[in-house]
Amino acid sequence: MESKSYNDKICWFCKKGRHEECMKKIPIDAASEGPHDCTFDTKLVDCQCTH
């Protein structure tokens, strides 16, 4: 499975330079251990922007 790059852990607002609207938490979809390939778990990770 591919690892997420550093840039993928920065929220949309920070990528656009709108740091005052930072989401703080970003939903990340990852394939789960479920019975189907289309089963996903969504987890929240902290925005990695250093604004």
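So here's what we get for this one:
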quantity: Estimated inter-spin distance, residue 28 and residue 40, nm [label 7 Å along Cα→Cβ]; calculated: 1.4
quantity: Amide H partners (placed H, <5 Å) of residue 47, local residues excluded; calculated: 24, 25, 26
quantity: Sequence ranges 9-20, 40-51, ranked by mean other-Cβ count within 10 angstrom, highest first; calculated: 9-20, 40-51
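Readers should treat all values here as calculations from the given coordinates under stated rules, not as data from a laboratory. On a predicted model such as this, the values are computed, not experimentally measured, just so you know. Note: ideal-geometry Cβ built from the backbone for every residue, glycine included; neighbour counts use all protein chains shown.
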